[in-house]
Amino acid sequence: MNPLHFQQILASFLVGGLFVALQSFVAERVSARTAGVVLTIPSTIGISFFFIAWTLSPGEVPTIAPTSMMGLVSSLIFTLTYVAIAELCGGRRFPAIALCPIMGLGLWCVSAHYWATKHIVNLPFALLTLSTAATAAHLILNRTRHVRINAVKMRYSTGQKIARAIFSGAVIACSVWLAKAFGPFWGGVLAAFPASNLSALLILHWYHDSRFVVTICRAMPLGYSSQIVFILTSSLSFPTFGSVGGCAVAYAVTGTFILGLLQLLKLHHGIITTRRNRAL
């Protein structure tokens, strides 16, 4: 490994870790429902795109965009599996705390390996597949609308924040290394690895009950729409504006979309609350 490549991987680890630390800072200051959207803000995939574009070429981003979308399908499979096992096992410690990530990551690895080896380059197909999967996951996770959700907000200790940052930074660094060593498709798939979600869910599952984990996950499929916006924008912005400019434009467009999405969630929650009050 040449010195420049090592510096790029190290930089991706540090920047990615800091980004996820900031994400944790924001997530613990909003409601549990909104936190599900915050946790799906393009962190791992966004920073990975930037460093893959920097180490290879900005023109590689449109190439790996479909594969990254399929990687997000695998992340949805991970989330659904985690929630299903959490609901079946109940409790917050062993065996649920071990089975949930093991089973979820197992299915993620199998499906992600399939996408990486197929070298999917059809963006409309990937977009349709991810949109369908996100819609199905949203309906499944929100099938019990009238269950009162936990109002407790997410809280992380300093050690937990550092652990999340290190773990996510390591995943981003691995995606950049894989893209350089084995081709952009492997980097694109690993860029969609649910590093932020996994670390958050493990911490929350340990300190809260399974219902709180389900509450957080309910908004995640909806939050994946921001990932779609980011990937689609990146496919155009990176080749046009380069690594820095392309990443900045993609995050600006995605940030605007997320603000609108949060306003819609707030409005929807207000309507539901009003209806319940009238029913009483």
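The values are calculated or read from the model by the stated rules, or taken from the named source; none is laboratory data. The structure presented is a predicted model; accordingly, all values stated were derived computationally and were not measured. Here the Cβ positions follow ideal geometry from the backbone for every residue, glycine too, while neighbour counts run over all protein chains shown.
Listing for the model above:
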read-out	value
Per-region count, the range 193-242, residues closer than 15 Å to Ile41 by Cβ and touching a Pro at 6+ places or on another chain (Cβ under 6 Å)	2
Subset of the range 111-145 (residues that are in a helix (DSSP H, G or I) and loosely packed, with under 13 Cβ neighbours inside 10 Å)	Thr117, Lys118, Pro124, Leu128, Thr132, Leu139
Any hit, the range 90-100, residues being at pLDDT 90 or above, under 17 Å from Leu204 (Cβ atoms) and crowded, with 17+ Cβ neighbours inside 10 Å	yes
Meets criteria (touching a residue at least 40 places away in the same chain (Cβ under 8 Å), of a type in the set (Phe, Trp, Tyr) and out of contact with any helix residue (DSSP H, G or I) (no Cβ under 8 Å at 6 or more places or on another chain)) for Tyr224	no
Residues being free of Cβ contacts under 8 Å to residues at least 60 places away in the same chain and buried (at least 22 other Cβ atoms within 10 Å of the Cβ) - total across the range 200-220	1
Residues being under 15 Å from Leu201 (Cα atoms) and either touching a Cys at 6+ places or on another chain (Cβ under 8 Å) or surrounded by fewer than 19 Cβ atoms within 10 Å (Cβ to Cβ) (or both) - total across the range 60-88	8
Residue satisfying all of: in the range 176-199; small (Gly, Ala, Ser) and touching a residue at least 12 places away in the same chain (Cβ under 8 Å); nearest to Phe19 (Cα to Cα) among these	Ser196
Residue within the range 199-216 that is under 29 Å from Gly106 (Cα atoms), at pLDDT 85 or above and not in a helix (DSSP H, G or I) present	no
Yes/no for Phe185 being outside any helix (DSSP H, G or I), modelled with pLDDT of 85 or more and either in contact with a helix residue (DSSP H, G or I) (Cβ under 8 Å, 6 or more places away or on another chain) or within 16 Å of Gln227 (Cβ to Cβ) (or both)	no
